[in-house]
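First up is the structure itself, then whatever we jot down about it.
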Amino acid sequence: MPVTHDSLFRALIDDPRRAAILIRDFLPADIAERLTDEPPTLLDGTFVDPDLNPTQSDRLFSVTLRGGGTALLYILIEHKSFPDPMTPIQVLGYRVEIWRRLAKTAPGGKLRLPPIIPLVFYHGGRPWNVPTSVTACLDADEGLRHMPGDMGYILCDLGPIPDAELSSDAEVRAGLLALKHVFRMADAESLLSSVLPGLRAGTTFEEQLIRYMIQMFPAITVNLLTRVARRVKPDREGKLISLAAKEWLRQGRETGLIEGEERGFHKGEEAGIAKGKTATILVALETRFGPVPREVEDRVRASAPDDLDGLLRRALTVSSLDQVFPEESRH
């Protein structure tokens, strides 16, 4: 399954450490100082209807307060490339639904509701121009407008924030950088140079972010990734190329499926898949060992489709070109 904006942001905030950093980075100081140092607790459930709002996703956290008790922190992620004027009403509706599910009745019949702090994350290309509360949308004079209370949310618009100030944490900043620039004409080399140093080696998030970058930024080629990785993260160059190769292989497989579907022939489908795998194998070999000898390239291109998966694994793991093909097949 391809890495989407939604799954990348979920991966970013589903880790308690990163979630705590992100929350403190974007909450107003007077609210952040009320929270204890305990990491937020991710609660089950979603309040977004994917059929009605396919560009939104959400997360609900419980946070402990220094003064005692807990508060709920509701994060709504808006993946549209432009602001949605209905956001204030949508956020209010989600808050009401959360209260409806979690409402408790205290002795004496008094309704007890947990405080909800809503944050809306937006990474679209156009500036946010939507009010951050329902109150600000009311068609009334100043006095009447503030009678119902604020009913607002905290906007976290990534666009105006300088790249270096997106987060106090390098890993969180790397994820937000990718999301911020996906709807902007970012220079791929400059973006990679900023993202790669922040990734922690060997984490699931590292793989998800690399695959997201390959999927969403077509200008990132194997030569570009190799050049940047060699400069900013030389100890991870080979592994980063291997992670990227998985996404290139998936794209090659999907291209083959589409071509086969359009032609209506099963052979066309298989040929497209094999072509994508072959290209990925040659890219991996060139990246790891330099120019691929013509003899080796011909052997790769002549390989049977059923042998390509094993050949790709060897291309990514062997220590020399001599080990790409089993000894018995060379003699």
- prompt: For segment 174-191, what are the residues that are in contact with a Leu (Cβ under 7 Å, 6 or more places away or on another chain) and either under 27 Å from Ala279 (Cα atoms) or of a type in the set (Ser, Thr, Tyr) (or both)?
  reply: Ala178, Ala188, Glu189, Leu191
- request: Scan segment 41-71 residue by residue and report those that are farther than 15 Å from Gly93 by Cα, touching a Ser or Thr at 6+ places or on another chain (Cβ under 7 Å) and assigned to a loop (DSSP other than H, G, I, E, B).
  value: Arg66
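Residues are listed down the side, and each one gets a yes or a no for (1) modelled with pLDDT under 90; (2) surrounded by 19 or more Cβ atoms within 10 Å (Cβ to Cβ):
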| site | (1), (2) |
| --- | --- |
| Pro40 | no, yes |
| Gln56 | yes, yes |
| Leu60 | no, yes |
| Arg66 | no, no |
| Pro85 | no, no |
| Tyr94 | no, yes |
| Ala103 | yes, no |
| Ile116 | no, no |
- request: Consider Leu155 carefully, then state whether it is assigned by TED's automatic domain parsing to the domain that holds Arg18 and either small (Gly, Ala, Ser) or under 18 Å from the mean Cα position of the chain (by Cα) (or both).
  value: no
message: Show me the helices (runs of 4 or more DSSP H) found entirely inside segment 283-331 where at least 3 residues are modelled with pLDDT of 80 or more, touching a helix residue (DSSP H, G or I) at 6+ places or on another chain (Cβ under 9 Å) and within 20 Å of Leu240 (Cβ to Cβ).
response: 308-317
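Given the criteria at pLDDT 95 or above, crowded, with 22+ Cβ neighbours inside 10 Å and not assigned by TED's automatic domain parsing to the domain that holds Pro83, does Val172 qualify?
Here the answer is no, as Val172 does not meet what is asked.
Can you work out which of the residues in segment 25-38 that are in a helix (DSSP H, G or I) and free of Cβ contacts under 8 Å to residues at least 12 places away in the same chain is surrounded by the most Cβ atoms within 10 Å (Cβ to Cβ)? Quick ask: steps written out before the conclusion?
First, pick out the residues of segment 25-38 that are in a helix (DSSP H, G or I): 25-26, 29-32.
The next check asks that each one be free of Cβ contacts under 8 Å to residues at least 12 places away in the same chain; those that pass are 29-30, 32.
On the way: Ala29: 8, Asp30: 7, Ala32: 13.
Step by step, filter segment 25-38, then rank; the result is Ala32.
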task: Could you tell me which of the residues Leu12, Leu42 is touching a strand residue (DSSP E or B) at 6+ places or on another chain (Cβ under 8 Å) and in contact (Cβ under 8 Å) with a residue 24 or more places away in the chain?
output: Leu42
- prompt: Listed residues Tyr94, Tyr74; which is touching a residue at least 12 places away in the same chain (Cβ under 8 Å), assigned to a strand (DSSP E or B) and not acidic (Asp, Glu)?
  reply: Tyr74
- request: Working carefully through the options Ser167, Ser190, Ser133, find the one that is small (Gly, Ala, Ser), modelled with pLDDT of 90 or more and surrounded by 14 or more Cβ atoms within 10 Å (Cβ to Cβ).
  value: Ser167
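The values are calculated or read from the model by the stated rules, or taken from the named source; none is laboratory data. Computed from a predicted model, the values in this text were never measured in an experiment. When we count neighbours, we look across all protein chains shown, and the Cβ atoms used for this are built from the backbone with ideal geometry, even at glycine.
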